[in-house]
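Novice: Dumping the structure here so I can ask a few things about it.
Just so it is clear, none of the values below were taken in a lab; they were calculated from the coordinates. This one's a predicted model, so the numbers in the text were calculated from it and none came from an experiment. Here the Cβ is made from the backbone with ideal geometry for all residues, glycine too, and neighbour counts use every protein chain on show.
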């Protein structure tokens with residue numbers, strides 16, 4: 001009842017009033033906690049995909065360089081080496097909690113913090129009251145457009161506000177004037193837009209195009225990824241060609257901050273697990289099980305391409321679902337088509353239905369998979385119980401195969417009708433894997 005009342009009030013209130021309210025809250029929160037971002041080197045990462053992975057690489061490189069670093073993002077909150085799981089089902093916490101974490105970081109002796117900055121968080125002015133010193137752009141594709149009036153331009157422009165904020169303030173740390181830096185993915189077609197905002201230093205990174213930090217000679221394996229930058233060799237412990245893109249901004253920032261090259265290399269290879277991102281689940285099985293957050297078609301494609309490359313002649317088995325609550329309904333059919341084309345077996349299950357009928361979501365995905373060649377009961381299976389769907393996906397695997405459990409990653413809840421229920425995907429996969437191995 002309260003939720004419905006809040007939605008009614010929200011619809012009746014003019015947008016400028018709502019934005020003014022959120023801005024006031026952000027400024028009040030910053031003042032209450034003593035404007036902690038003034039005492040930190042703040043890195044903000046925005047883009048459609050890759051924010052969490054890029055943030056983990058940045059945190060690791062800065063840590064290897066000798067800094068005490070905080071992190072705020074989808075999967076976890078870090079205060080130096082102390083780690084707290086993000087159980088809020090949102091990447092950017094509310095303004096007061098955000099400022100509270102920043103204050104705790106300052107009090108704990110952190111000198112740097114890396115934050116994931118979402119379009120929804122920017123829209124709600126959660127980035128205000130935070131002085132950013134570095135803005136990183138990963139990539140851009142249509143997602144969450146319903147929150148931006150259905151407009152991709154609105155979505156892009158909202159993310160651009162992080163870069164627009166860079167030159168609005170000056171900051172001194174250790175009596176040194178901080179140079180504000182922007183770092184953009186040169187291979188993304190929207191990189192010029194993000195690079196157009198003023199900054200003291202502008203850097204870019206790439207694989208395909210010439211750039212300041214360009215990766216070449218990339219080699220994938222089931223033990224990670226090797227690549228080179230200007231004849232310097234790097235190794236990623238995490239799987240997937242696409243993770244090179246996520247590591248490159250950390251290398252660019254490390255070099256900008258004059259971190260020794262060996263420390264940058266160490267920081268990149270120290271990232272062995274990115275929670276819920278191509279995360280290996282090991283219980284002694286003879287096949288590979290990966291939990292990944294991929295819940296839209298861009299990242300889903302990349303994950304399945306990586307799995308196929310690693311699997312070789314072996315099978316790729318994928319479990320997927322879709323979100324309700326009016327979230328990008330069109331991507332359901334896209335996910336079904338991609339799964340059908342790139343996986344040998346597909347299991348469609350529940351994910352985050354919100355108030356929608358879970359069966360309707362499952363059927364939309366499954367129907368698209370059938371339209372592209374999958375056969376129900378043979379290469380396509382539907383199970384509204386996600387735990388049961390995970391068990392089914394595992395049961396289809398043999399030695400050398402790869403099982404992708406996609407959609408939830410490191411999230412700690414599932415959004416259902418009336419609210420949320422606890423859901424720890426990685427632990428549930430471990431439980432079902434142990435059951436499977438006991439049979």
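Novice: Binned at 10 Å from 0, what are the whole-percent values of the Cα-Cα distance distribution for region 347-439, short to long?
Specialist: Final binned percentages: 15, 45, 33, 7, 0.
Novice: Follow-up. Normalised by the empirical 2.2 N^0.38 Å for globular proteins, what value does the Cα Rg of region 209-360 take?
Specialist: With N residues counted in region 209-360, Rg over 2.2 N^0.38 Å equals 1.20.
Novice: Now, a different point. So what is the relative contact order for region 279-438, in percent, with contacts set as C-alpha pairs under 8 Å and at least six apart?
Specialist: Over region 279-438, the number comes to 32 percent.
Novice: Ok, one more. So how tilted is helix 95-107 from the main axis of the chain? Cα-based, degrees 0 to 90, rounded to 10.
Specialist: On a 0 to 90 degree scale, this one is about 70.
Novice: What spacing in nm lies between the two simple spin-label points modelled at residue 226 and residue 329, each 7 Å away from Cα in the Cβ direction?
Specialist: 5.0
Novice: Give the angle, between 0 and 90 degrees and rounded to the nearest 10, that separates the Cα long axis of helix 2-12 from the longest principal axis of the Cα atoms of the chain.
Specialist: Rounded to the nearest ten degrees, it is 60.
Novice: For the chain, what does -39500 (n - 2.57) per DSSP helix run (n ≥ 4), summed and divided by total residues, give at 222 nm, in deg cm²/dmol to the nearest 500?
Specialist: So the calculated ellipticity at 222 nm is -12000 deg cm²/dmol.
Novice: Do you know the relative contact order of the chain, to the nearest whole percent, from alpha carbon pairs under 8 angstrom that are 6+ apart?
Specialist: Normalised by residue count, the contact order of the chain is 14 percent.
Novice: Would you kindly work out the equivalent ellipsoid of the chain from its C-alpha gyration tensor and give its semi-axes, the square roots of five times the eigenvalues, largest first in whole Å?
Specialist: With the √(5λ) rule applied to the chain, the semi-axes are 35, 27, 20 Å.
Novice: Among DSSP bridges having both ends in the chain, what percentage is antiparallel? Round to the nearest 5.
Specialist: Among the beta bridges of the chain, antiparallel pairing accounts for roughly 35 percent.
Novice: Please compute the length gained on full extension between residue 104 and residue 21, using 0.36 nm multiplied by the number of residues separating them and subtracting their Cα-Cα distance.
Specialist: 27.3 nm
Novice: Out of all DSSP beta bridges in region 279-438, what portion is antiparallel? Express it as a percent rounded to 5.
Specialist: In region 279-438, approximately 25 percent of DSSP beta bridges are antiparallel ones.
Novice: I'd like the projected area of region 93-144, averaged over all directions, using the convex hull of its alpha carbons. Report it in nm² with one decimal.
Specialist: Seen from a random direction, the Cα hull of region 93-144 projects 4.2 nm² on average.
Novice: Same structure, new question: Would you work out if region 40-109 is rounded, prolate or oblate? Take a ≥ b ≥ c from the square roots of the eigenvalues of the alpha-carbon gyration tensor; rounded if a/c is under 1.5, else prolate when a/b is larger than b/c, oblate otherwise.
Specialist: It comes out oblate by the Cα gyration axes.
Novice: Write down the radius of gyration of region 279-438 and its Dmax, each obtained from C-alpha positions, in Å.
Specialist: Over region 279-438's Cα set, Rg and Dmax evaluate to 14.3, 44 Å.
Novice: Per residue, how big is the convex hull of region 364-407 when only Cα atoms are used? Give it in Å³.
Specialist: Output value, Cα hull per residue: 92 Å³.
Novice: Under 1.5 on a/c is rounded, so check that first for region 75-197, then, if it is not, pick prolate when a/b is larger than b/c and oblate when it is not; a ≥ b ≥ c are the square roots of the alpha carbon gyration tensor eigenvalues.
Specialist: Cα axes put region 75-197 in the oblate bin.
Novice: If you stretched the chain out fully between residue 262 and residue 96, how much longer would it get, using 0.36 nm times the residue separation minus the C-alpha to C-alpha distance?
Specialist: Full-extension gain reported as 55.9 nm.
Novice: Over all alpha-carbon pairs in region 120-276, figure out the percentage whose distance exceeds 18 Å.
Specialist: Percentage above 18 Å: 64.
Novice: Can you give the FRET efficiency for residue 273 and residue 371, using 1/(1 + (r/R0)^6), R0 = 30 Å, r = Cβ-Cβ distance, to the nearest 0.05?
Specialist: It comes out at approximately 0.25.
Novice: Once R0 is set to 45 Å, what does the formula 1/(1 + (r/R0)^6) return for the Cβ-Cβ distance between residue 38 and residue 357, expressed as a FRET efficiency to the nearest 0.05?
Specialist: Using R0 = 45 Å, I get an efficiency of 0.40.
Novice: Using only Cα atoms, locate the centre of region 341-384 and the centre of region 264-281, then give the distance between them in Å, rounded to an integer.
Specialist: 30
Novice: I'm a student and want to see the number: the projected area of the Cα convex hull of region 250-294, averaged over all directions, in nm².
Specialist: 4.4
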